[in-house]
Amino acid sequence: MRARTASLVLAALAVFHASAAFATAKPAAVDSSSWVDHDGRPVSKPQKHEKALWAHEFHEGITAPLGHAFDIPDKILWAVGAGYKHRASNVNRYDEVSNSTWFTNRNHVRPVSLGDIRTGPAGDIEPTPPYVITHGKVGGNNPGFQIKDAAGKKWVVKLDPPACPQLISGAGAVASRLISAAGYNQARIVSFRIKPEDLTIDPDLTAGKKPGEKPFYQSYLDYLLAHSFRYPDGSSSAEASLFIKGDVLGPINMRGDRDDDPNDIYKHRNRRELRGLFVLMSWLNSWDTKDPQNLDAFIGSDSVGHVSHTIVDVDAALGAAGGEPKPPIRGFEYTIDWGWAMKRVLTLGFITEPWRKTNEETGIPSAGHIESEIYDPHAFRTLQPQPAFRERTLGDCYWGAKVVCSFSDAQIRAAVEGAHYDDPKATEFLTKMLIERRDKVGRYWFSRVTPVDYFQVDGGTLRFRDLAVDRRLADARHYKVEVKSAKSATRTIDLADTKLALSQLGKATGDVKLVFRVASGESEPTFLTLRKTGDSWNILEVRHADM
Amino acid sequence: MHPRNGRSGRIGVPLALLLLAAAPLAAHADEPRYGDSTWVAPYPVADSTGDPTAPGPRVSEPKGEPVGETILRTPFRIIGLPFRALFAGFEWLAGVGAPHVFEPHVRVGVHLPYATISPTFDYTAQTGFEPGFSIHRAAYREDIPDITIHGSWSFKDQRRASFRLRVGSDSLHWNGGLFARYRYTPTTRFYGVGNFTHGDNRSYYLAEKGEINAFMAKHLTKHATVRLIGGINSYASRHSYNGTPPLEQNFAPSTIEGYGHDSRMVVFGANGEWAKLNRGPDPYAGVYVRGEIQRYRSLNGIDVQYVQWDGEVRGYIPVGAQRRVLALRAVYEAANPDAGSNPIPFDRLPASVDDYRFLAYHGSQFRDQQVGVGQIEYRWLVFPPTVQMYALAQIGEVAPSQRLMRMDDIHESYGGGLRYFGPNGGWVRGQVVHGAEGFNIGVDIGTGF
């Protein structure tokens, strides 16, 4: 009897141990040289989190900025030179983001083909008629609905405004292709034409039998279609966004983490790819970037799997807004922008904001309102402040600029062509605009951080790239490299090229820190730590600006 | 050697040398460069993207807040806890309430309710917290009447009920309707009659008012509208309860014309307005003029007949840009008894309230047969496009007759604040104003110009 009880207890303990190990499937090992951050290990399904949009907007627009304004410790840390911003958490020794359930290194390490960019994420699929409207669209300013197409695929459909064919659908299609090629998980977005005769409404939806949903009547559909851009054949210009894979768990919290996901160990505001996203969204003018535009989804069986993190709603980008061309202020100010408000208060309204000086009228209905002349990559503002954007450091922005500047002219054109604009002027204009804005991004951030990168020990030579020179944003130039090691005095080497003979390091042993600066510039340095083992040198760590 | 060949040979040698020298440069130019669609990073990730779901290490430990920073922040976090709790409450309220304010209630074509019923809440220091209800049957078409019924009861026993029916719309040539209202306020404030009352003299009486009016409007042009109005009304004043001190404590009732009596009257009149504004709800350029005349005759033997008229002129001048506006307004109201009429009851005299309010003073603090107010505001946008800041200066006066209006007796108010233009066309103004009796801080909803 006692033995039986003991065996039962042991069995229970074993099951408990197994389940506990399963629930907290944290890999114990840490390897900063890894190019894969293994955060997709099997876990139990986390809870769904819904976010009250207005509560979120109040928090990010009012509570958090006021909190920061009266954050005395921040001021103390700043005064003593400690700073209150910390380096991103999930950066490997090459100062890069490892592949994870959030991000996959793509274009800036291995160019995405023009064909793949033109096609966009999730392959070459489009909504196949006929369609059944299964739900109304929940949230957001743009009217729309959810459909199931003939192939059984589910899409969220939004309609382009009456005077602007392909305005939001085109912006969504272009932005999604570039964001995906940059490395982020991204929903597939296409610009397409939808015919009224291809649409039927699920009878249960009309009858009000869908839990929590208002009835959706034919008259409402007629109204929506009548207030969209109509082609001569009666079809409407529309955007379709493919449902992401998995069971949706709710918006991504850009501030904290998911307590119930053991894989989610880094605060989201400290993730490099979310901080650096600022630069990408600035480039794309994606001014409505906020938590509810992103989704977590559980991939796996009902109980075991992992959480994937996807950017889903990016059509408020380029020159588009919800149902109209972008208002001039968007992209330049937060909805509640305390800094600009104070300037206006103190000047009795006589200050002229940059957005009032812009001429964003493109004259192209499909392109909306966007320009590149006044555009300031650093001054870009989303609708509300974003915690991860606020925490961004120079190093994060350099990384974001590196990703943006990895796109060639041809790749940008391919992304714009992927939207299939009817108006060739829109394709030409947006391609030109994105190229000009990309170059501004590069010029701005590469002049603030020494843009030397991709270090490689090649025999007795250390090779690297100067991204500003490679991108033709700067002429070939000299570099000053400080050599610091524990056993010898600091000295400076003048480099006339992007290679350094390691013999110049002399008899240094152990770890040697090299501090790279552009000889004629004042940008923040890039740090490289080398370790000599025997006769060979290995890269120990790369850091841009942030130490 | 052919001279030509010889020349060719002489040129050819340096050219070959030049090409030879340029070869490394050309090779360099052809070398893949970062961002040219062909260059591949010298990292293993370029060959394998790896699988985050496979077993393997994490790239770093989760980073917490440095211990020193935690020590520094902890006392401030404790001090900040009540504020955090307060703002968490605000956020909850925003999450629950804002969708009802800022998002459309009804989508076109989606199920249209026959009528909606919604709770209402009011609060003023005078009447206390006042819950109520509102039933609204919206006119989705112009030939359907728009009907609103409202009722409320305050903790200080104010009771209000109203009924409004309107047919037609501003887009038609005409519209008309009915408006009935009942109000019972045992805490109505009274400061005396005339231009020299003081806020410290506040007292209370019970006011009971009922009225039924009909109106019909015609749009003469897109700028001008005339309206005919007619109706009956009843005003009564009695001893207050729930208000301290009562009127009788500060004033001799016999000196207050009509106090303690009912006055029932029939009224008919007309008004007209002409507006040339750049836009309707929030103009920055243009002029607005309104005038009204009404004749009152008593019905219950108190033998009071009088003519009441009022006029309003507004002007909006942009100051170099649309976002900076100089707004001016002058309003004047007069109630002149007919020859042989008994004096007008005090509770029917024009008073400094609503559009006529003297901003640094209490509402209704001044009342007499004439009231005039002039106001100038400089407004500028601080949170585009809906929140403006403004600085204002105002003068106001009441007098028994027009000829007794004197510049020496005007009440001045100076101040400023923020005004928010709401999604339904209403204003919310929060302001601080200073006058002879000190500061007046307040929030007004739906007032202003």
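Tell me, which residue of the stretch A:198-220 that is buried (at least 16 other Cβ atoms within 10 Å of the Cβ) and touching a Gly at 6+ places or on another chain (Cβ under 7 Å) is modelled with the lowest pLDDT? Spell out the reasoning first.
So in the stretch A:198-220, the residues buried (at least 16 other Cβ atoms within 10 Å of the Cβ) come out as A:198-199, A:201-202, A:205-206, A:210, A:215-217, A:220.
Narrowing further to those that are touching a Gly at 6+ places or on another chain (Cβ under 7 Å): A:215-217, A:220.
Values: A:PRO215: 80, A:PHE216: 84, A:TYR217: 84, A:TYR220: 84.
Top of the filtered list is A:PRO215.
In the stretch B:194-239, which residues are assigned to a helix (DSSP H, G or I) and either open to solvent by less than 40 Å² (accessible area, probe 1.4 Å) or of a type in the set (Lys, Arg) (or both)?
So in the stretch B:194-239, the residues assigned to a helix (DSSP H, G or I) come out as B:199-201.
Selection gives B:GLY199 alone.
What about B:GLU248, is it free of Cβ contacts under 8 Å to residues at least 60 places away in the same chain, part of a strand (DSSP E or B) and touching a strand residue (DSSP E or B) at 6+ places or on another chain (Cβ under 8 Å)?
Numbers: free of Cβ contacts under 8 Å to residues at least 60 places away in the same chain: yes; part of a strand (DSSP E or B): no; touching a strand residue (DSSP E or B) at 6+ places or on another chain (Cβ under 8 Å): yes.
In short, no.
Is it true that some residue in the stretch A:177-196 is part of a loop (DSSP other than H, G, I, E, B), open to solvent by 50 Å² or more (accessible area, probe 1.4 Å) and away from chain B (no Cβ under 13 Å)?
Taking the stretch A:177-196 first, the residues part of a loop (DSSP other than H, G, I, E, B) are A:183, A:185, A:187-188, A:195.
Those still in the list that are open to solvent by 50 Å² or more (accessible area, probe 1.4 Å) too: A:195.
Okay, now just the ones that are also away from chain B (no Cβ under 13 Å), so A:195.
Yes: the stretch A:177-196 contains one or more residues that are part of a loop (DSSP other than H, G, I, E, B), open to solvent by 50 Å² or more (accessible area, probe 1.4 Å) and away from chain B (no Cβ under 13 Å).
Go through the residues of the stretch A:254-268 one by one and say whether even a single one is of a type in the set (Ser, Thr, Tyr) and more than 13 Å from chain B (Cβ to nearest Cβ).
So in the stretch A:254-268, the residues of a type in the set (Ser, Thr, Tyr) come out as A:266.
Remaining after also requiring more than 13 Å from chain B (Cβ to nearest Cβ): none.
For the stretch A:254-268, residues of a type in the set (Ser, Thr, Tyr) and more than 13 Å from chain B (Cβ to nearest Cβ): absent.
Does any residue of the stretch A:91-103 turn out to be outside any loop (DSSP other than H, G, I, E, B), of a type in the set (Ser, Thr, Tyr) and either facing chain B (nearest Cβ under 8 Å) or surrounded by fewer than 22 Cβ atoms within 10 Å (Cβ to Cβ) (or both)?
First, pick out the residues of the stretch A:91-103 that are outside any loop (DSSP other than H, G, I, E, B): A:91, A:97, A:99, A:103.
Imposing the further condition that a residue be of a type in the set (Ser, Thr, Tyr) reduces the set to none.
No, that holds for no residue.
Which condition breaks for A:ASP247 when tested against (1) more than 13 Å from every other protein chain (Cβ to nearest Cβ); (2) surrounded by 21 or more Cβ atoms within 10 Å (Cβ to Cβ); (3) under 27 Å from B:PRO57 (Cα atoms); (4) of a type outside the set (Gly, Ala, Ser)?
Of (1) more than 13 Å from every other protein chain (Cβ to nearest Cβ); (2) surrounded by 21 or more Cβ atoms within 10 Å (Cβ to Cβ); (3) under 27 Å from B:PRO57 (Cα atoms); (4) of a type outside the set (Gly, Ala, Ser), only one is false for A:ASP247: (2).
Could you tell me whether A:GLU273 is crowded, with 18+ Cβ neighbours inside 10 Å, assigned to a helix (DSSP H, G or I), touching a residue at least 24 places away in the same chain (Cβ under 8 Å) and not aromatic (Phe, Trp, Tyr)? Give the derivation first.
On the way: crowded, with 18+ Cβ neighbours inside 10 Å: yes; assigned to a helix (DSSP H, G or I): yes; touching a residue at least 24 places away in the same chain (Cβ under 8 Å): yes; not aromatic (Phe, Trp, Tyr): yes.
It is true that A:GLU273 is crowded, with 18+ Cβ neighbours inside 10 Å, assigned to a helix (DSSP H, G or I), touching a residue at least 24 places away in the same chain (Cβ under 8 Å) and not aromatic (Phe, Trp, Tyr).
Identify all residues within the stretch A:160-176 that are surrounded by fewer than 24 Cβ atoms within 10 Å (Cβ to Cβ) and aliphatic (A, V, I, L, M); write none if there are none.
Within the stretch A:160-176, A:ALA163 is the sole residue that qualifies.
Answer yes if at least one residue in the stretch A:299-307 is touching a Gly at 6+ places or on another chain (Cβ under 6 Å), within 30 Å of B:ALA54 (Cα to Cα), of a type outside the set (Phe, Trp, Tyr) and within 14 Å of chain B (Cβ to nearest Cβ), and no otherwise. It would help to see each step written out before you state the result.
First, pick out the residues of the stretch A:299-307 that are touching a Gly at 6+ places or on another chain (Cβ under 6 Å): A:299, A:306.
Going one step further and asking which of them are within 30 Å of B:ALA54 (Cα to Cα), we end up with A:299, A:306.
Imposing the further condition that a residue be of a type outside the set (Phe, Trp, Tyr) reduces the set to A:299, A:306.
Still in the running and within 14 Å of chain B (Cβ to nearest Cβ): A:299, A:306.
Among the residues of the stretch A:299-307, at least one is touching a Gly at 6+ places or on another chain (Cβ under 6 Å), within 30 Å of B:ALA54 (Cα to Cα), of a type outside the set (Phe, Trp, Tyr) and within 14 Å of chain B (Cβ to nearest Cβ), which makes the answer yes.
Among the residues of the stretch B:83-122, how many are of a type in the set (Val, Ile, Thr), modelled with pLDDT of 70 or more and either under 21 Å from the mean Cα position of the chain (by Cα) or surrounded by 14 or more Cβ atoms within 10 Å (Cβ to Cβ) (or both)?
Let us first name the residues in the stretch B:83-122 that are of a type in the set (Val, Ile, Thr), namely B:96, B:101, B:106, B:108, B:110, B:116-117, B:120.
After this cut, where a residue has to be modelled with pLDDT of 70 or more as well, the list is B:96, B:116-117, B:120.
Checking which are either under 21 Å from the mean Cα position of the chain (by Cα) or surrounded by 14 or more Cβ atoms within 10 Å (Cβ to Cβ) (or both) leaves us with B:120.
Here the count works out to 1.
Suppose the filter is open to solvent by 60 Å² or more (accessible area, probe 1.4 Å) and in contact with a strand residue (DSSP E or B) (Cβ under 8 Å, 6 or more places away or on another chain); does A:LYS507 pass it? Lay out the reasoning, then the answer.
Details: open to solvent by 60 Å² or more (accessible area, probe 1.4 Å): yes; in contact with a strand residue (DSSP E or B) (Cβ under 8 Å, 6 or more places away or on another chain): yes.
It is true that A:LYS507 is open to solvent by 60 Å² or more (accessible area, probe 1.4 Å) and in contact with a strand residue (DSSP E or B) (Cβ under 8 Å, 6 or more places away or on another chain).
So is B:LEU178 hydrophobic (A, V, I, L, M, F, W, C) and either part of a loop (DSSP other than H, G, I, E, B) or more than 30 Å from B:ALA139 (Cα to Cα) (or both) or not?
Working: hydrophobic (A, V, I, L, M, F, W, C): yes; either part of a loop (DSSP other than H, G, I, E, B) or more than 30 Å from B:ALA139 (Cα to Cα) (or both): no.
Against the criterion (hydrophobic (A, V, I, L, M, F, W, C) and either part of a loop (DSSP other than H, G, I, E, B) or more than 30 Å from B:ALA139 (Cα to Cα) (or both)), B:LEU178 does not qualify.
Kindly indicate whether A:THR533 is modelled with pLDDT of 90 or more and of a type outside the set (D, E, K, R). If you could, list the steps in order and put the result at the bottom.
Numbers: modelled with pLDDT of 90 or more: no; of a type outside the set (D, E, K, R): yes.
No; evaluated as a whole, the condition is false for this residue.
Condition (residue is in a loop (DSSP other than H, G, I, E, B), without any contact (Cβ under 8 Å) to a residue 24 or more places away in the chain and either under 30 Å from A:CYS405 (Cα atoms) or open to solvent by 20 Å² or more (accessible area, probe 1.4 Å) (or both)) applied to the stretch A:221-243: is it met by at least one residue?
To start, the set of residues in the stretch A:221-243 that are in a loop (DSSP other than H, G, I, E, B) comprises A:227-229, A:231-235, A:243.
Restricting the remaining residues to those that are without any contact (Cβ under 8 Å) to a residue 24 or more places away in the chain gives A:232.
Still in the list and also either under 30 Å from A:CYS405 (Cα atoms) or open to solvent by 20 Å² or more (accessible area, probe 1.4 Å) (or both): A:232.
The answer is yes, given that some residue of the stretch A:221-243 is in a loop (DSSP other than H, G, I, E, B), without any contact (Cβ under 8 Å) to a residue 24 or more places away in the chain and either under 30 Å from A:CYS405 (Cα atoms) or open to solvent by 20 Å² or more (accessible area, probe 1.4 Å) (or both).
Can you name the residue in the stretch A:450-472 that is aliphatic (A, V, I, L, M) and buried (at least 21 other Cβ atoms within 10 Å of the Cβ) and is also farthest from A:HIS108 (Cα to Cα) among such residues? Let's see the steps before the verdict.
First, pick out the residues of the stretch A:450-472 that are aliphatic (A, V, I, L, M): A:452, A:457, A:462, A:467-469.
Right, trim to buried (at least 21 other Cβ atoms within 10 Å of the Cβ) and you get A:452, A:462, A:467-468.
Details: A:VAL452: 14, A:LEU462: 20, A:LEU467: 11, A:ALA468: 14 Å.
Only one residue fits best here, namely A:LEU462.
Scan the stretch B:61-82 for residues that are open to solvent by 60 Å² or more (accessible area, probe 1.4 Å), facing chain A (nearest Cβ under 8 Å) and in a helix (DSSP H, G or I) and jot them down.
Selection gives B:PHE76 alone.
Please give the number of the condition B:THR148 fails out of (1) away from chain A (no Cβ under 14 Å); (2) at pLDDT below 90.
With (1) away from chain A (no Cβ under 14 Å); (2) at pLDDT below 90 applied to B:THR148, the lone miss is (2).
Let's see how each residue does on (1) out of contact with any Phe, Trp or Tyr (no Cβ under 7 Å at 6 or more places or on another chain); (2) touching a residue at least 24 places away in the same chain (Cβ under 8 Å); (3) within 12 Å of another protein chain (Cβ to nearest Cβ):
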| position | (1), (2), (3) |
| --- | --- |
| A:THR382 | no, yes, no |
| A:ASP423 | yes, yes, no |
| A:MET433 | yes, yes, no |
| A:GLY442 | yes, yes, yes |
| A:VAL449 | no, yes, no |
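Tally time: how many residues in the stretch B:270-291 are part of a strand (DSSP E or B) and at negative phi? Give the steps one after another, and end with the answer.
Within the stretch B:270-291, the first condition is being part of a strand (DSSP E or B), and the residues that meet it are B:270-277, B:286-291.
With the extra rule that they be at negative phi, the set shrinks to B:270-277, B:287-291.
Selection size over the stretch B:270-291: 13.
The values are calculated or read from the model by the stated rules, or taken from the named source; none is laboratory data. Predicted model only: the values in this text are computed from it and were never measured. All Cβ positions, glycine included, derive from the backbone under ideal geometry; neighbour counts span all protein chains shown. Side chains are part of the model used for accessible areas, which takes the heavy atoms of the whole protein and leaves out ligands, DNA and RNA. Shrake-Rupley method; radii C 1.70, N 1.55, O 1.52, S 1.80 Å.
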